[in-house]
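A.B. asks: Below are the structure tokens for one structure; questions will follow.
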Amino acid sequence: MTFDLNVVNPRLVEVWERTRTQRPEYVRINTTPLEEIEKDCNNKFPEDYWSFMNQYGSISLDLGNVNSCIVQYSIGGSIRKDWQWIYGIADSDFVLEYYTKLSRPHIHYADLGPMIPPKTVPIGYTADGDEFYLMDLSDEKYGRIWHKGEGTRATWGTEGNTILGFVAPSFTEFVAGLMTKDEAERKLAQEGR
């Protein structure tokens, strides 16, 4: 499988070209950090994500206006949809760094357990660095993309750190679903948000 931005979301090709020319250090291909995460999670990344990382390395969505997505939350038995920013799909070094920070915070804080669910990996982020887009490597929800809102300084499952928003069933559908803020607001209005 070859991941092709021209097919999945053509508007991102120009954004990736800007990333390549303005932030070349972000598009360096290095799969070693991802292989370390796979060993730790005892599972492989989906093929579409591997293909993207081997071809593009990352993409800085802040260099364009296709930087939003629709997130669905299930809270108290009701479904709520909202749009969220996404600043970028992270390079592999960032992915490993934040996977380690979020899954093993006790290295730095003795009273803090993992801040993300087991076998979820931060592959994208927002500008403030306190919200993440997680790829699920668990067998039950393999490949799904989740939005982890702000307030991650609590052990997962405690102190209000219990909600993930569903973004997409796969990495390809996640990238295909990226849109402008105005498009996201129009889509939610059409759905009667």
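A.B. asks: Name the residues whose placed amide hydrogens come within less than 5 Å of the amide hydrogen of residue 81, ignoring near sequence neighbours (fewer than 5 apart) on the same chain.
C.D. replies: 73
A.B. asks: So, one more: Sort 33-41, 62-70, 17-25 for me by packing, meaning the mean count of neighbouring Cβ atoms within 10 Å per residue, highest on top.
C.D. replies: Details: 33-41: 16.7, 62-70: 19.9, 17-25: 14.0.
The packing order, highest mean first, is 62-70, 33-41, 17-25.
A.B. asks: Near residue 43, within a Cβ-to-Cβ distance under 14 Å, what is the net charge of the other residues, with Lys and Arg +1 and Asp and Glu -1? Don't skip to the answer; put the middle values down first.
C.D. replies: Details: positive: 39, 44, 119, 141, 144; negative: 35, 36, 38, 40, 47, 136, 139, 140.
My count for the surroundings of residue 43 gives -3.
A.B. asks: What are the ³J(HN,Hα) couplings of segment 23-35, residue after residue, when phi is run through the Karplus curve with 6.51, -1.76, 1.60 and θ = phi - 60°? Round to Hz, x for glycine and proline.
C.D. replies: Per-residue couplings from phi come out as 9, x, 5, 7, 9, 5, 7, 8, 8, 4, x, 5, 5 Hz.
A.B. asks: Assuming a strict under-22 Å limit between Cα atoms, what lysine pair count do you get for segment 26-128 once near-sequence pairs (fewer than 8 apart, same chain) are dropped? Numbers along the way, then the final one.
C.D. replies: On the way: 39/101; 39/119; 44/101; 44/119; 101/119.
Lysine pair count for segment 26-128: 5.
A.B. asks: Using modelled amide H (1.01 Å from N, peptide plane; none on Pro or chain starts), what sits under 5 Å from the amide H of residue 168, excluding residues fewer than 5 places away?
C.D. replies: Result for residue 168 returns 145.
A.B. asks: Right, next: What residue among 10, 98, 24 has its Cα farthest toward the positive end of the dipole of the chain, where the charges are +1 on Lys, Arg and -1 on Asp, Glu, each on the Cβ?
C.D. replies: 10
A.B. asks: Mean residue ellipticity at 222 nm from the helices of the chain, using -39,500 (n - 2.57) per DSSP H segment of n ≥ 4 over the full residue count, to the nearest 500 deg cm²/dmol? Could you put the intermediate results ahead of the total?
C.D. replies: Values: 7 runs with 63 residues, N = 193.
Calculated at 222 nm, the ellipticity per residue is -9000 deg cm²/dmol.
A.B. asks: In debye, nearest 20, what is the charge dipole magnitude of segment 80-155 about its Cα centre with +1 on Lys and Arg Cβ and -1 on Asp and Glu Cβ, if you could check?
C.D. replies: Working: 9 positive and 12 negative charges, 50 e Å.
Charge dipole of segment 80-155: 240 debye, to the nearest 20.
A.B. asks: With every protein chain left in place, what is the accessible area per residue of segment 60-159 in square angstrom, probe 1.4 Å?
C.D. replies: Numbers: 4560 Å² over 100 residues.
Accessible area per residue: 46 Å².
A.B. asks: For segment 1-157, which whole percent of the accessible surface, found with a 1.4 angstrom probe, sits on carbon and sulfur atoms? Write down the numbers at each step before the final one.
C.D. replies: Numbers: 3630 of 7540 Å².
Answer for segment 1-157 is 48 percent, counting heavy atoms of protein chains only.
A.B. asks: About the Cα centre of segment 39-166, what is the dipole size in debye to 20, counting +1 per Lys and Arg Cβ and -1 per Asp and Glu Cβ, all else neutral?
C.D. replies: Dipole about the Cα centre, nearest 20: 280 debye.
The values are calculated or read from the model by the stated rules, or taken from the named source; none is laboratory data. All of these numbers come straight from a predicted model, not from anything done at the bench. Methodologically, a virtual Cβ is constructed for each residue, glycine included, from the backbone with ideal geometry; neighbour enumeration extends over all protein chains shown. Protein only, heavy atoms only, side chains kept; ligands, DNA and RNA dropped before computing areas. Shrake-Rupley method; radii C 1.70, N 1.55, O 1.52, S 1.80 Å.
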